[in-house]
1. What fraction of the DSSP beta bridges in the protein assembly as shown is antiparallel, stated in percent and rounded to the nearest 5?
2. What do you get for GluC sites (Glu not before Pro) in the stretch A:649-719 restricted to DSSP loop and a cutoff of at most 15 other Cβ within 10 Å of the site's Cβ?
3. Would you mind checking the tilt of helix A:848-857 against the longest principal axis of the Cα atoms of chain A, expressed as 0 to 90 degrees and rounded to 10?
4. Set Lys and Arg Cβ to +1 and Asp and Glu Cβ to -1, take the dipole of chain A about its Cα centre, and tell me which of A:Pro505, A:Gly859, A:Ser755 lies farthest positive.
5. What does the extension gain come out to for A:Asp224 and A:Ala441, with contour length at 0.36 nm per residue minus their alpha carbon separation?
6. Mind checking the angle between helix A:560-571 and chain A's longest principal axis? C-alpha axes, 0 to 90 degrees, to the nearest 10.
7. Per the 1.4 Å probe, what fraction of the accessible area of the protein assembly as shown, in percent, lies on carbon and sulfur atoms?
8. Using a 1.4 Å probe on the heavy atoms of the protein chains only, list every residue of the stretch A:886-908 that has 50 Å² or more less accessible area in the complete assembly than in its chain alone.
Amino acid sequence: MTAPTAQNTGPSRRLAKGGLIDRSQPLEFDFDGRPLSGVAGDTLASALLANGVTLVGRSFKYHRPRGILTAGSEEPNALVELRSGARREPNTRATMVELYDRLSATSQNRWPSLEHDALSINRLAAPLFGAGFYYKTFMWPAALWERLYEPLIRRAAGLGRAADHEDPDRYEKATAHCDLLVIGAGPAGLMAALTAARSGARVILADEDFRLGGRLLSDAPEVDGAPAPLWVDRVLGELASFPDVTVMPRTTVFGVYDGGTYGAVERVSDHRAEPLPWQPRQRLWRIVARRSLLAAGAIERPIVFGGNDRPGVMMAGAMRAYANRFAVAAAREAVAVFANNDSAWSAARDLSRLGVRVAAVIDVRERVDPALTAPLAAAGARLMLGSRVIATSGKRLSVVEVLTGGKRETLKVDGLAMSGGWSPTVNLTCHLGSRPVWNDALSAFLPGSLPPGMTVAGAANGRFGLAACLADGAASATAALADLGFAVPSAALPRADDDPAGLIPFWHVAESKGAAFVDHQNDVTAKDIAIAHREGFRAVEHLKRYTTLGMATDQGKTANLTGLAIMSALTGKDIPETGTTMFRPPYSPVAIGAFGGSHRGKAFRPTRLTPTHGWATEHGAVFVETGPWLRAQYFPRPGERDWLETVNREVTAVRTGVGLCDVSTLGKIDIQGPDAATLLERVYINGWSGLEVGKARYGVMLREDGMVMDDGTTARLGPTHFVMTTTTANAVKVFQHLEHALQVLWPELDARIASVSDQWAQIAVAGPKARETLARIVDAPFDLGNAAFPYMAAAELTVLGGLRARLFRLSFSGELAYEIAVPARQGDRLVRALMDAGAPFGITPYGTEALGVLRIEKGHAAGNELNGQTTAHDLGLGRMMSGKKDFIGRVMSNRPGLRDPDRPALVGLRPLPPGARLRAGSHLIPVGQPTDAANDQGYLTSVAHSPTLGHAIGLALLAGGPRRIGERLRAVDPLRNEEVEVEVCNPVFVDPQGEKLRV
Amino acid sequence: MRIPCPYCGPRDAHEFTCLGDATLTRPDPAAPDAASAFHDYVYRRDNPAGPHRELWYHGGGCRSWLEVTRDTRTHAITDARFAADRSSAAQGTEDRP
Ligand SMILES: [Zn+2]
């Protein structure tokens, strides 16, 4: 439970008028359980500030009290847990949360309460947590890591808690195409979108904010002689009139990918307590754009001085935004401003105009344009030029200590606005690997080489003035569209002024007292950078990893450059020599759920159902997933005690009567053309040209490296027409393999293939009574007799009075058996007809378990043996290999290592103790030898209980293979600590002469 | 990444699977050095930094095997043609979405 934090509030700091908020729409919310109220148009951050809440969290390592530093997505400090229960979301930036009614937020990383945090003792132990702390302290003994160090660190350091229930919300994925994607809806972005829209291009304008306008909203300038928000509304109104223009607020373009593809996340419902019915929480967009225009603006950077993380210290631009856009005074009594540049003076002017008392403006520069200083001097602010802040104090800021004219002075203020200048938001320009380029005049990194199709405009391109941004947006869009062949109508630019943007580079107050923070989110101080320098971690990549600078969830948006600048001062090299700052996707954190979209749970991938699924369900089948398929595993009957009893019954029915099994999941490939037989000759190891029409043959195909790839039967339905079956698992792979053979290896072959796996329902009918069963559904005059339709025959015919069908006399079970195929939609009808036809013979449906037992009893290799490491020889199929032709894999299969007679090869195994059980995966060790790797001679690949033989049977890959028949070995299962003595035998356990299937 | 399939037009890379080097030719299995030639064909691959001709299969589309020229440093695709018709001029390489 959260203790009440009575001090963390105060009288309303909402300004009496102004702001882009709707005062008529109050919104109730709570923070740490305390009821508060804001208005529509607020962010959580602005609403907290309006309520006087300045302490919102504790820092990552030292548990220092932290407030709100920025007004945007770069926020490193004000991370809260939003919502509760299954919807609880940690590390949410309060500056990006659009306030909604009944919002509930909790501060994180504090105990027992935000106000009184027991672990803030970490501050006293700060030396322990400094740069390289983990590396130095926890080198050894390694055993203590898990037991002691890690739990300790995890308790002390950290951020929010993930929800511990399943996410109740839905997510979607969508794709959009456009001619021009405009990223950022500030002055440059709006002007670009308008220019593009007027030329008739398909435009997408995306901005992470819920209200578009960027700094036009927070800086309150005039455009065309009127307040900027009016111009923004006019532009948005015009954009809405174009059918091919899509404006996407609340949408962060977070990544740039190859081929003009952009990733974006649209926060569809995050501004509501929960999504509306049928609405996703978020939508992940893949935007394919012929051109893009990055107008992402710039991020203000802090100055590093003692106590620059104290609640009450804020970026100057943010304080300006809270006043102008949200009508909130970030301080109650008075603010001081500390800067190295002109923009902070404009911020101070705005604050002063709006009635916030500016006590002092402290600038490191000796001279500042009197046009900037005069209005503040007139408003009673002290001008402290050539000065710097060296320390702050108070749990919440109450005193600022300034070094001015060689003397230290203290100022009593409860707000301090700082500005170290602006860094263009070049993040997205780096996503394909290019590095930004240092610009000395601006003291900033500008975009380097750009992703193909991208241009950069406005502040993101180092053009900070408003008039410059508007002009740059229009010009950049015009150039991109002209490139695409659009005629862009010329239009006058709106009238606006450029704010002064003078600056001298200044990063770090050397005379600082107390911890001076570079990276607020990861608690990296100027001292940590000095330690990294002293210990030799000077390259920027080493610096990052040693100190964790820039490696928090904000990717160091406010920290990287200052860290680099401090290292540069220590090494005496200039900034570009010291390194650059690189950024990777995502620009800001994206919920994993959004990447998953609707693909979760059963929707992770489609479930494929066999044509007889409905019928099998009626018959109580237990289903099993085999790849994407759901197949009947077995069909239990009332009174059966376990699956084994069921499977034994099903196997026995096939061996003594008749059974049926849906085998539609096998891959089926139609092959046609004059060269169809030649194709088969080249992909199968055995011969095909001699196969008569109306006959099927078993075939094995290899990979080019000589290993077995797949097996199956192929039937010749006509002189130039074959139908191939593949294993269920390899259906797609074999199809692709055949396409490769036809298109890449031998394009001269005149043959074409088509997958018909989904077109045919195929049912195996197996057992001594199979012929009699089928006879009852086959249309006259088709002759099923052994002479007319012998083993391996294939035919096209009709059944059930005119239903088109294919019949193959194939046997996987070793019994008299057929596979019958009908168009897939008729599969249900066919299975019911077969059940009726076989009823007099006790026809029994069987599933994949019985199928497996039947094939192990017959020693047929399947998935466990076709494991990509076995050759045809290993599987006892070597004699099938034709010596009269070349085929894929032939040359490589003759490598000496693959023809080594000591290679593991397929054998059967039976346990010697009667009733003993075999375990798949058991290793085969000679009797009397120690159980170790040196004596490991193979392993069991498949095991089953054979109801036909009444004992366990197994298939194994054993060194030396069939020549060891009769030997005794130990089958050892070290996982279960079991061992059983076995005898090596022929893998064909039932009917080794193959007589039953020919009757 | 987007691949300009000569049959389907520019399509997302998710629809394709890559088999790698397209410059390899299956050796003559009857040649006296077939064993070593096949060894190289199956196992040896260059790993160039720069333009690379590679085979892509449009399994999620027209099922064509394509020969795609891709710069391994930038993923820029400068050519895509049917593997079955390697002499054909590149078509559809215009990056129209
Ligand atoms: Zn295609």
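1. Numbers: 152 of 200 bridges.
Rounded to the nearest five, the antiparallel share is 75 percent.
2. On the way: sites: A:Glu650, A:Glu681, A:Glu692, A:Glu704; in loops: A:Glu692, A:Glu704.
The qualifying sites are A:Glu692.
3. The angle comes out near 50 degrees.
4. Ranked along the dipole, the leading option is A:Pro505.
5. On the way: separation 217, 0.36 × 217 = 78.12 nm, distance 2.97 nm.
Roughly 75.1 nm would be gained on extension.
6. With both axes taken from Cα atoms, the answer is about 70 degrees.
7. On the way: 23900 of 44890 Å².
Using a 1.4 Å probe with all protein chains present, the protein assembly as shown comes out at 53 percent carbon and sulfur.
8. A:Val891, A:Met892
The values are calculated or read from the model by the stated rules, or taken from the named source; none is laboratory data. Every value quoted in this text rests on a predicted model; they were computed, and no experiment measured them. Methodologically, a virtual Cβ is constructed for each residue, glycine included, from the backbone with ideal geometry; neighbour enumeration extends over all protein chains shown. These area figures cover heavy atoms from the full protein model, side chains too; ligands, DNA and RNA do not enter into them. Shrake-Rupley method; radii C 1.70, N 1.55, O 1.52, S 1.80 Å.
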